[in-house]
Amino acid sequence: MKKSMLLLALCIGTCAGALSLLMLDYPDRFGPSIVLLFPGFIVAMAASGNVHVFSTSVVAIGDFGFYFGLAYFAQTLWKRHASPR
């Protein structure tokens, strides 16, 4: 079960990172869903030390890490909640 949880979290994180790059390249096509990039923006701003200039690849890596962790945490909670007592 651990490998499947890790694989699903890896897939979700990879999709979030790739979607981050797409959203930054084509902002007019995604509209308000760009708010999903906020964790990556925070990481990129902290890494660059400048609010106005940061790398989009760092945003994608930050989003990957955030959504990977979130997916793994949610799966762990789901497994605990769904297991019979």
Inset, instruction - Report whether or not residue 73 is part of a helix (DSSP H, G or I), of a type outside the set (Asp, Glu) and crowded, with 19+ Cβ neighbours inside 10 Å. - result: no
Inset, instruction - Name the single residue, out of those in region 40-60 being under 26 Å from residue 7 (Cβ atoms) and touching a helix residue (DSSP H, G or I) at 6+ places or on another chain (Cβ under 7 Å), that is surrounded by the fewest Cβ atoms within 10 Å (Cβ to Cβ). - result: 58
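Please pick out the residue among 70, 37 that is among the aliphatic types (A, V, I, L, M), at pLDDT below 90 and closer than 30 Å to residue 3 by Cα. Before you say what the answer is, go through the steps one by one.
Details: 70 fails: at pLDDT below 90.
Criteria check complete, one pass: 37.
Looking only at region 1-56, count how many residues are among the small types (Gly, Ala, Ser), closer than 19 Å to residue 69 by Cβ and free of Cβ contacts under 8 Å to residues at least 60 places away in the same chain.
Residues of region 1-56 among the small types (Gly, Ala, Ser): 4, 9, 13, 16-18, 20, 31, 33, 40, 44, 46-49, 55.
Now drop any that are not closer than 19 Å to residue 69 by Cβ, which leaves 4, 9, 13, 16-18, 20, 40, 44, 46-47.
So of that shortlist, the ones also free of Cβ contacts under 8 Å to residues at least 60 places away in the same chain come out as 4, 13, 16-18, 20, 40, 44, 46-47.
Total meeting the criteria: 10.
Inspect region 13-20 for any residue being surrounded by fewer than 13 Cβ atoms within 10 Å (Cβ to Cβ) and assigned to a helix (DSSP H, G or I) and give the result as yes or no.
Looking for residues that are surrounded by fewer than 13 Cβ atoms within 10 Å (Cβ to Cβ) and assigned to a helix (DSSP H, G or I), one finds none in region 13-20, hence no.
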Inset, instruction - Test residue 84 against the stated conditions and say whether it is surrounded by fewer than 16 Cβ atoms within 10 Å (Cβ to Cβ) and not polar (S, T, N, Q). - result: yes
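The values are calculated or read from the model by the stated rules, or taken from the named source; none is laboratory data. Everything numeric in this text was worked out from a predicted model, so none of it was measured. A quick note on method: Cβ atoms are made from the backbone with ideal geometry, for glycine too, and the neighbour counts reach across all protein chains shown.
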